[in-house]
Every structure is written in structure tokens, then in C-alpha cells.
Amino acid sequence: MTDRPALSVRNLSVSYDTPEGRLRALRGVSFDVQKGEIAGLVGESGCGKSTLMQTILGLLGGAAAIESGEIWLGDTDLLTLNRRQMRRLLGDRLSAVFQDPMKSLNPVLTIGRQMTDIQFRRKASRADKRARAIEMLDKVQIPDPAKRLDQYPHEFSGGMRQRVAIAMALMAEPDLLIADEPTTALDATLEIRTIELLRELQEEIGCAVLFITHHLGVVAELCDRINIMYAGELVEHGGTRAIFDAPQHPYTELLFACDPAQIKERSRALPTIPGTVPGLIDVPPGCVFAPRCPKRFAPCDSLHPRPVASGGSDLVLCHLRDPKVPA
Amino acid sequence: MSALLSVRDLEVAFPIGGLLSRLRGGPADIRGVAGVSFDLAAGETLALVGESGSGKTTLARAVAGLGRNVSGNVTFEGKDILAMDAAARHRLRRDVSFIFQDAVSSLSPRLTVRQLLEEPFRIHGETPDNMDAKIADLLDLVSLPPAMADRRPHELSGGQARRVGVARALALDPKLIIADEPTAGLDVSVQGEVLNLLNDLRERLGLALLVITHNLNIVRHIADRMAIMYLGRFVELGETDTVFHDPRHPYTAALLSANPVVDPEAAPERITLEGEMPSLLRRPAGCEFHGRCPFARELCRTHAPEVTQDAARRFTCHYPVGVASFLSQS
């Protein structure tokens, strides 16, 4: 056993080839997810969350190119693996739960068939695999698992389907689980049940979880640490409590302020972040958030901020927090 | 206060099963909405809250005259919607418009934004002389730049597509807008924009809004009143503030307590619900919530509770939550 983090992303840059030019979707992203830790990844649509997830899982499309960086899963650099080696890893040491369980489950096969199929690596009898599937369904609190195993996905409710997807993802007890907005399609009561379940299973299995979401309440309840992305860059990361107490990056601060759950007094007019996310084909030389930032000052337009530790955050990409930049 | 929309004992049935199962004595239909009554005044916002499958969308469609097998009474400006013929229903669409849940897929991918915005006018046989100005106005109303008119849906972001949907709903100056999950899938920063827009239009144009959502944080900010649905019925309906601060029905209390709190320090006290929502095929006897209710007693298993009505709300429960404070008030 080494003390390496479960996942370590180093200086990752990914771009897409588009008719208008090279779209630089991820630029110099670095972060770690420690063993047994649940890390949140938060950001608006188009900030690069999905690109990051696809890069880690090796699912990037043909128009995408990895320009630089390393992705370490324990002591394996995923970016040096070929397709076959990557394939061997997926569903074993690395697995994922996606947003829509109806789309990730095969509608024409029974749950049981799908749950035994994905155990193809195990040398065990069908009965053993079936027993393992029943055990997993029981763990995700599906009542009467032996009977439910012979049913099709459409016979399950939305919340149950997502729990089945979680059971399948955790079946091989992976080192890292990537959960891409797994509760977005669920209602409040189911959402809480699902994240509580995820936490219990995570503690039992001891895997690390990268939880992608834009629901800040879920991050606050579930995650040990959070990573905040904006326009292809990681702008802040640190312990959940520290960041919620005192966000260091102006974007984090505004994002939190926009969340209706954060506003205690009832108000008909909700805050927004004026302006739009910049195009990523011609990325401005300065800070990417500068055009929308209420706190921008002289260096923001021309100089790209360097990562610094500030307050309770381990990394902030903002000139305001950099002691070497004069105010 | 006269109601713009008045709904009484609304039921929506879905036929199920084949001849064989019916001969065996199985039910011929299930009731997706089972006896719902409420009023909505001009300029008012009512939020419908409930789990998926509780009948929110079915109710909204029936209210807009889009449902089949609907019984009960729905009047809009004193006219009975359910008794309308096709032509009258067609005219009703001018006054009652719908914002659909999935913004991108509710827009035809083959049409430009301009054509999408012209569509409501064409459907109602209107060709205003100043169509271009109308479209510019609509785009302006939803804060989209005029250049957007020539884009197609796939070239729009989620928030922009949502705003085109809102502009379409507003094209013919409706009196009631039914918005099905108007902010689902939107980022928090954009979500505020769409909600502020709807609220602004409500104030300026006196629109009535029926908003379906499962985001309780939004409900708290935008809705005057809220209704909580379970198995096709309202278990509680009341002023938003009242319901939030002092829920009566255990299901409401459970929903409110499940709302994730954006404060890592807070350890909220949760009311945990057992099991899943029962199937509509087998509605439980007595109070339909008793199987999942942490406070259920013997009476709940056998007798369906009556509606309790007071000034600010109504609910259906034998043993309402916080009943002590309720008694001391009355």
C-alpha cells in the first residue's frame, strides 16, 4: 500500500477541435481525491465538469485532444494506458454512476442479467454471481431483491433504478467511483435517501468518490472537500466546511449567494451572476472570471492569476488572495 | 377575490390492462389525479410540489384542457373547460399557455428561434403587420439579444432555450401560465434569471402562475401558496410561509425536512419515510400515506381522514404534526 491519493489529476488540459477553432475546455486542472474521501465537483454547465469526467473515464470523443497532463489512479497513469488496458480497469478499479439511470440500464434485459453480466471478470458460477447481485441489491435497500432481480428496469421507480445503478457500480468495490449528478433527476426525499445510502456504502467499501453536481446543498451534506470549476479552470478547492464558511474566490462567493437555499429571508427577486461565461476559443490572457467579477482590479485583465492558498482554501485562483500582487 | 381558475373534484383516469385482466376483475383504470380542488387568482403564484408520479404534470395538463378521461369541474374565467368543444379549446390556448419541462426538446430542431416565436401567431391565424417588431419585443422581454432570432435550438444553451420557451408561452398575452419544472437542469445563476423573469411578468401583466417543481427552495421564494401532492391528491394546501414554518401533514413535514441544507455545520432533524410511494393500482386503505408515515396509528389504517380547513390552509390528516400549537391558536 502506498500513500498515493486515490485520484490525482495533474495539470490536465483538454481541447476540442471545432470549425471556429480550438476550444480549450480544460486548462491546467490539478486536484487530488484522497482514499476514502468524497470530493464534490461544482460548476455551471459548460465549465468542463463533463469533459473532466469523460477524460478520467477515457470516454472522450474523437474531436477532443488531451494536450497535457497526467491522471493517476493510485499508481497507474490512466493517460498512458491503451484501450484494452483502460477497459480492464473500468467497472473494476474505476466505475461511474450517471445522471439518468434509465439511459444507463439496458431496457430489454432483466436487472439480474445485467448484474451478473458485469461480473464477467470473476471466475464464479452463475449461482454465485446471482447471489452477489442479490447481496448488492439488498445493500442498496431494494426490498425483496431475489424477486426484483428478474424484473426489467421499467418495473423499478426512478429512485430504485438509481440505487440499482449504484449497486452495479460498487459491485467490484472500485478504488474510485465517479458520480455524475446522480440525484438531479430525483425528488428531495429520494435525493437525501440516495446520498445517505451512497455515504454508507462508501464508508463500508472505503472507495473514494468524485461527486459531480450543481446542487450546493448536496455538496454541503455529502462531501468532505469541494472543487469549484469555472470556464475550464479549477478556481478554488478546499475543505467543504472552510469554503462554505468563507469562500475565497469571488466566483464561489457569487455562486453560493445565488443559491435560493442560502437566502434566509423570502425574496421574490433572486440574485444572479450578471454576464455570461466567456467563449473558450480565444481565452482572454487575464483571469477568466474578470469580465463578470465585481471585485476586479488592475492586474485581472492582463495577468493570469497563479494558484495560492488562502483562508481555509488550499487553492484559489485569484489576484485578490495573492500576497505578491499589490492591491 | 374572484378566481381566474377554479378546479373542483378533478379526476384524471388512465385506462389500464386488457380485456383479459378486466374479465378477471382487475381495475379498468387508475386515477392519476383523484379529486383535487383549488382556486387560482390573477397575479397569484401557486406551486405544486410532490414526488415523481404524484400526479403533478397530469393535473397541470388536465387544467390546461390537455387531458383525456378527465372528470370534475374546471372553470377558467367562468367558462367550463371540460365541456368545451375543439374550437373553444383552441381559443383557450391563447389564454392558458404551457412551459414544458424539457426546454430543448420542446422546441422543434428544424425551426429557427424566429419561426418558433411566429408559430403561436400562425396557429391562431394571426399575422400581425409588425411581426418582426413583435418578435424583437418578445426576445427583449426574455432578455435575449435580437441576433438569437436566427439560431436553431441546438445552438442555444439550456438557459437560452428555456427563455425561448417562456417567450413562446408569452407570445399571445396569456392570462395563466403553467410552468412544468421551469428551472430543472438550469444552473443556480441562470435559474434566478428565469424565475425573476416570470415574477416580473406576473407583476407587470397580472399573470397567474401554476408552477410545478420539486425544488422547495424555489417554492419558498416565488410562490404565494403551495400544494403538496401525494398519490394524485392534495394532502396539504396553504400559504407558503405558513406551510414552511408549520407544516401539518407528516408528508409535508418529511419533504421539508429532506430539503438539503447548505450549511455543513447544521445537522437537520429529518423525518425519514419508509419505503416507496405505493402503486396507484393498489391504493392503501384508510389514509393513503399510513404505510410510510412515522406517526401512523390504528385509525389511519382503517379510516381515510377528512379535509381540515382553517384560514390559511387545508390538509387531510388524523394526527397532524404540531397539533398542540394548532390547538393553542384556535
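The values are calculated or read from the model by the stated rules, or taken from the named source; none is laboratory data. All values derive from a computational prediction rather than experimental measurement. We place every Cβ from the backbone using ideal geometry, glycine too, and count neighbours over all the protein chains shown.
Remarks
- Residues satisfying the stated conditions in segment A:240-254, i.e. within 12 Å of chain B (Cβ to nearest Cβ), touching a Ser or Thr at 6+ places or on another chain (Cβ under 7 Å) and farther than 20 Å from residue A:179 by Cβ: A:242
- Residues in segment A:246-291 that are more than 19 Å from residue A:27 (Cα to Cα) and not in a loop (DSSP other than H, G, I, E, B): 10 in all.
- Hits in segment A:5-33 - residues which are under 17 Å from residue A:232 (Cα atoms) and of a type in the set (A, V, I, L, M, F, W, C): A:9, A:12, A:14, A:23, A:25, A:26, A:29, A:31
- Close pairs (6 angstrom Cβ cut-off, 6 or more residues apart or separate chains): more than 7 Å from chain A (Cβ to nearest Cβ) in segment B:215-226, crowded, with 21+ Cβ neighbours inside 10 Å and small (Gly, Ala, Ser) anywhere: B:219/B:47; B:223/B:47; B:226/B:47
- Within segment B:180-206, if we keep just the residues that are aliphatic (A, V, I, L, M), more than 7 Å from every other protein chain (Cβ to nearest Cβ) and over 15 Å from the mean Cα position of the chain (by Cα), the residue that is farthest from residue B:142 (Cα to Cα) turns out to be B:186.
- Test: residue A:194 is outside any helix (DSSP H, G or I) and either within 13 Å of another protein chain (Cβ to nearest Cβ) or over 21 Å from residue B:186 (Cβ atoms) (or both): no
- Scope segment B:172-196; condition at pLDDT 90 or above and either aliphatic (A, V, I, L, M) or in a helix (DSSP H, G or I) (or both); matching residues: B:176, B:177, B:178, B:179
- Some residue of segment A:232-239 being within 12 Å of chain B (Cβ to nearest Cβ) and part of a helix (DSSP H, G or I): no
- Residue satisfying condition, being buried (at least 23 other Cβ atoms within 10 Å of the Cβ) and closer than 23 Å to residue A:216 by Cα, within set B:243, B:211: B:211
- Residue among A:99, A:54 that alone is within 19 Å of residue A:210 (Cα to Cα), in contact (Cβ under 8 Å) with a residue 40 or more places away in the chain and either polar (S, T, N, Q) or assigned by TED's automatic domain parsing to the domain that holds residue A:161 (or both): A:99
- When residue B:235 is tested against (1) among the β-branched types (Val, Ile, Thr); (2) over 23 Å from residue B:310 (Cβ atoms); (3) part of a strand (DSSP E or B), just one condition goes unmet, and that condition is (2).
- Within the set A:81, A:73, A:59, the sole residue that is within 28 Å of residue B:189 (Cβ to Cβ) and among the aliphatic types (A, V, I, L, M) turns out to be A:59.
- One residue stands out among those in segment B:238-250 that are outside any strand (DSSP E or B) and over 18 Å from residue B:273 (Cβ atoms): the one that is farthest from the other protein chains (Cβ to nearest Cβ), which is B:246.
- Within the span defined as segment B:204-214, every residue fails to be touching a helix residue (DSSP H, G or I) at 6+ places or on another chain (Cβ under 6 Å) and over 21 Å from residue B:44 (Cβ atoms).
- Meets criteria (within 12 Å of chain B (Cβ to nearest Cβ), out of contact with any strand residue (DSSP E or B) (no Cβ under 8 Å at 6 or more places or on another chain) and free of Cβ contacts under 8 Å to residues at least 60 places away in the same chain) for residue A:286: no
- Residue A:288 being at pLDDT 90 or above and β-branched (Val, Ile, Thr): yes
- Restricting segment B:251-283 to residues that are more than 22 Å from residue A:217 (Cβ to Cβ) and either within 8 Å of another protein chain (Cβ to nearest Cβ) or at pLDDT 85 or above (or both) leaves a set whose member that is nearest to the chain's Cα centre (by Cα) is B:277.
- Odd one out for residue A:224, checked against (1) within 11 Å of another protein chain (Cβ to nearest Cβ); (2) of a type outside the set (Val, Ile, Thr); (3) crowded, with 24+ Cβ neighbours inside 10 Å: (3)
- The lone exception for residue A:197 - which of (1) among the hydrophobic types (A, V, I, L, M, F, W, C); (2) out of contact with any Lys or Arg (no Cβ under 9 Å at 6 or more places or on another chain); (3) at pLDDT below 95 it fails: (2)
- Matching entry among B:117, B:144, B:111 (being within 14 Å of chain A (Cβ to nearest Cβ), farther than 25 Å from residue B:225 by Cα and surrounded by 13 or more Cβ atoms within 10 Å (Cβ to Cβ)): B:144
- Filtered residues of segment A:152-174 (kept if outside any helix (DSSP H, G or I) and over 15 Å from residue A:90 (Cα atoms)): A:152, A:156, A:157
- Subset tally (residues that are surrounded by fewer than 15 Cβ atoms within 10 Å (Cβ to Cβ) and not in a loop (DSSP other than H, G, I, E, B)) for segment B:120-130: 2
- Test for residue A:99: is it farther than 20 Å from residue A:230 by Cβ and in a loop (DSSP other than H, G, I, E, B): yes
- Condition check for residue A:216: under 26 Å from residue B:212 (Cβ atoms), without any contact (Cβ under 8 Å) to a residue 40 or more places away in the chain and either within 12 Å of another protein chain (Cβ to nearest Cβ) or out of contact with any Leu (no Cβ under 8 Å at 6 or more places or on another chain) (or both): no
- Qualifying positions in segment A:193-213 - crowded, with 24+ Cβ neighbours inside 10 Å and out of contact with any Leu (no Cβ under 9 Å at 6 or more places or on another chain): none
- Condition broken by residue B:302, with the remaining ones in (1) polar (S, T, N, Q); (2) surrounded by fewer than 21 Cβ atoms within 10 Å (Cβ to Cβ); (3) within 28 Å of residue A:220 (Cβ to Cβ) satisfied: (3)
- Residue among B:75, B:45 that is surrounded by fewer than 21 Cβ atoms within 10 Å (Cβ to Cβ), hydroxyl-bearing (Ser, Thr, Tyr) and at pLDDT 90 or above: B:75
- Qualifying residue in segment A:200-210 (condition: at the interface with chain B (Cβ under 8 Å from one of its Cβ atoms), farther than 17 Å from residue A:53 by Cα and hydrophobic (A, V, I, L, M, F, W, C)): no
- Pairs linking a residue in segment A:15-40 that is acidic (Asp, Glu) to a residue that is surrounded by fewer than 15 Cβ atoms within 10 Å (Cβ to Cβ), with Cβ atoms under 8 Å and 6 or more positions apart or on different chains, are A:17/A:63; A:17/A:65; A:20/A:281.
- Out of B:54, B:106, one residue alone is hydroxyl-bearing (Ser, Thr, Tyr) and under 19 Å from residue B:172 (Cα atoms). It is B:106.
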